[in-house]
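All remarks here apply to the structure that follows.
The values are calculated or read from the model by the stated rules, or taken from the named source; none is laboratory data. This structure is a prediction, so every number in the text was calculated from the model and none was measured. All Cβ positions, even for glycine, are placed from backbone atoms using ideal geometry, and neighbour counts span all protein chains on display.
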Amino acid sequence: MKVLFAEDEADLQDVVAEYLRYQGYSVTAVNNGQEAVDKAGFDAYDVMVFDVMMPVMDGITAMKKIREMGDPTPAIFLTAKSQVEDRIDGLDAGADDYLTKPFSMEELSARLRALCRRKREYKVRTISFGNIELDTEQSELRAVNTISLSLKEMRLLGSLIAHAGEEMTAEQLLDDVWPGENAGPDTVMLYISFLRGKLRSIRANVEIDGDKDTAFVIREI
């Protein structure tokens, strides 16, 4: 089970990460909200644990950006703030739960298990086009073979499939997949090349035509 953990207090980060790893979790630990957004954009996680007060970007802003990217991963905030208004801000930003510092490791672990159980209860969402099946829960792309996708690859392919047969400019794809991020047409072209290679590797009967200077379109072949 993969956990994205954002906490700027080094000692607390070490203690929590070590405890969760001892409990069997695979933990990616970062020091600020921007790093959390970056990690969430390039990998898929089972649950996220964010502190609220962090440098560079606070946890609430980071959570809003991650939700704007379409990432539904269950999340819990860890914070010293205990006022009702602060909890409401966190939940409105997209968090699923809230744990006030100081907290017990056992309670944190129990809440994470509850969030993961809740996630497993949801029906796996798949998107089909041609002979490919995009599993947005497992971040997998299937045809004759199966291959894993990064979160950005999955969102980019999902956007193209949602507009199958329609031309999508690099600017439109940036708005869909990289909203508010420091990305440009070259980034889109790079990820299109990743997807083209993966479509070939699974022997898909679809292809992505176009380039960053015109537009992109996905179609069956």
Checklist outcome for this item: When restricted to Leu199, Leu156, the only residue closer than 18 Å to Asp135 by Cα, without any contact (Cβ under 8 Å) to a residue 40 or more places away in the chain and in the same structural domain as Glu137 (by TED's automatic domain parsing) is Leu156
Checklist entry - Out of all the residues in region 163-221, which are hydrophobic (A, V, I, L, M, F, W, C), modelled with pLDDT under 90 and within 22 Å of the chain's Cα centre (by Cα)? => result Val177, Trp178, Ala183
Next on the checklist: Let me spell it out: the conditions are (1) under 15 Å from the mean Cα position of the chain (by Cα); (2) charged (D, E, K, R); (3) within 21 Å of Ser201 (Cα to Cα), and Arg142 meets all of them except one. Which number is the exception?
Outcome noted: (1)
Item to check | Those strands (runs of 3 or more DSSP E) lying entirely in region 112-216 with at least 1 residues surrounded by 13 or more Cβ atoms within 10 Å (Cβ to Cβ) and on the phi > 0 side of the Ramachandran plot | outcome: 206-210
Next on the checklist: Can you tell me which condition Gly70 does not meet? The list is (1) part of a helix (DSSP H, G or I); (2) surrounded by fewer than 16 Cβ atoms within 10 Å (Cβ to Cβ); (3) not aromatic (Phe, Trp, Tyr), and all the others hold.
Outcome noted: (1)
Next on the checklist: Let me spell it out: the conditions are (1) modelled with pLDDT of 95 or more; (2) on the phi > 0 side of the Ramachandran plot, and Gly70 meets all of them except one. Which number is the exception?
Outcome noted: (1)
Checklist entry - Between a first residue in region 1-23 that is without any contact (Cβ under 8 Å) to a residue 40 or more places away in the chain and farther than 8 Å from Val49 by Cβ and a second residue that is surrounded by 13 or more Cβ atoms within 10 Å (Cβ to Cβ) and charged (D, E, K, R), which pairs have beta carbons less than 7 Å apart while being 6 or more apart in sequence or on different chains? => result Gln13/Glu7
Checklist entry - Within region 1-63, which strands (runs of 3 or more DSSP E) (wholly inside it) include 1 or more residues that are buried (at least 23 other Cβ atoms within 10 Å of the Cβ) and under 15 Å from the mean Cα position of the chain (by Cα)? => result 2-6, 47-51
